[in-house]
């Protein structure tokens, strides 16, 4: 470390660029940000726009939650046992997705495939639980056409379920690509985006199980 | 490496250091522990009478926001490090939009409901 570097390290320990000649990348001084950082940023912007879409669905649900049109209310149709299992599946799935990113960083093919398989199976379990809930409601005649409340409910929760389904397809694709193409830099960037997507789905679910299901049983 | 294979280049090739910051196992474990704690707390609050009834939605919203924060920090590794300042700023903007959409919709629709209630509903003077 040269004397100049030491000075910068003292005046600007977190490389935020306040010491004049910062060596942080992506801020001018240290050169452009790495491809991995740029790709992650772009995908983060996509996820945020998806969050904005979900916020519209949340707003619609919140406005319509009381419009039951003499149909069932949220208190009557929510089954907290099933919701608890769904929550557990998705949280564990998110955790194993994190384990998979550690496995990829260690370049361990077998660990990567195993952790991704567990991630996927937990995601499938979540989807099956959700389908059984929707099917039971539909069988009782309480489908999305029954009331404005049920329309909002099916749209919001169904949209999340659709995201998880698409995520599962992506997960299968990533397992195949990591297996066939190995830990190439571009494949690892793709995998980074997948892990972000999967964790993001769990964040949306936190809002759904708290603000839709748990609050719904108390209204 | 030729130009058409540029996409295969290792990241962080300038200076040779890799930009692949890997979170440790313990980070994920702490995140999982905190998330489980907050989830169990949410379900527990609903099933007990510890909190005054009308305050339960507020408590649940608080726990949900806390858990989303845990997920952002421990699973998505959102920090305020230099690589992440742009991500944090984008998140702040996203939260602004989400707040406007959700609170704005609920606020406006609630007022419309109370002020434009159909005849026959006893909703006080003026309706």
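Just the residues that are over 23 Å from residue B:74 (Cα atoms) and in a helix (DSSP H, G or I), please, taken from the stretch A:170-186. Across the stretch A:170-186, the qualifying residues are A:172, A:173, A:175, A:176, A:177, A:178, A:179, A:180, A:181, A:185, A:186. When the stretch B:79-90 is examined, which residues are found to be loosely packed, with under 14 Cβ neighbours inside 10 Å and touching a helix residue (DSSP H, G or I) at 6+ places or on another chain (Cβ under 6 Å)? The one that is loosely packed, with under 14 Cβ neighbours inside 10 Å and touching a helix residue (DSSP H, G or I) at 6+ places or on another chain (Cβ under 6 Å): B:80. Checked against (1) over 24 Å from residue A:32 (Cα atoms); (2) exposed (fewer than 14 other Cβ atoms within 10 Å of the Cβ); (3) at the interface with another protein chain (Cβ under 8 Å from one of its Cβ atoms), residue B:93 passes all but a single condition, namely (1).
Residue B:73 satisfies every condition listed in (1) free of Cβ contacts under 8 Å to residues at least 40 places away in the same chain; (2) assigned to a helix (DSSP H, G or I); (3) more than 9 Å from every other protein chain (Cβ to nearest Cβ) except (1).
Here is a yes/no grid of residues against (1) under 11 Å from the mean Cα position of the chain (by Cα); (2) at negative phi; (3) at the interface with another protein chain (Cβ under 7 Å from one of its Cβ atoms):
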position	(1), (2), (3)
A:171	no, yes, no
A:176	no, yes, no
A:180	no, yes, no
A:184	no, yes, yes
A:187	no, yes, no
A:195	yes, yes, no
A:206	yes, yes, yes
A:214	no, yes, yes
A:217	no, yes, yes
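If the condition is being touching a residue at least 12 places away in the same chain (Cβ under 8 Å), within 10 Å of chain B (Cβ to nearest Cβ) and under 30 Å from residue B:26 (Cβ atoms), then the stretch A:48-89 contributes A:50, A:51, A:83, A:87.
Bear in mind these aren't lab numbers, they're just calculated from the coordinates by the rules spelled out. From a predicted model like this one, the values you see are computed outputs, not experimental measurements. Backbone-built Cβ (ideal geometry, glycine too); neighbour counts: all protein chains shown.
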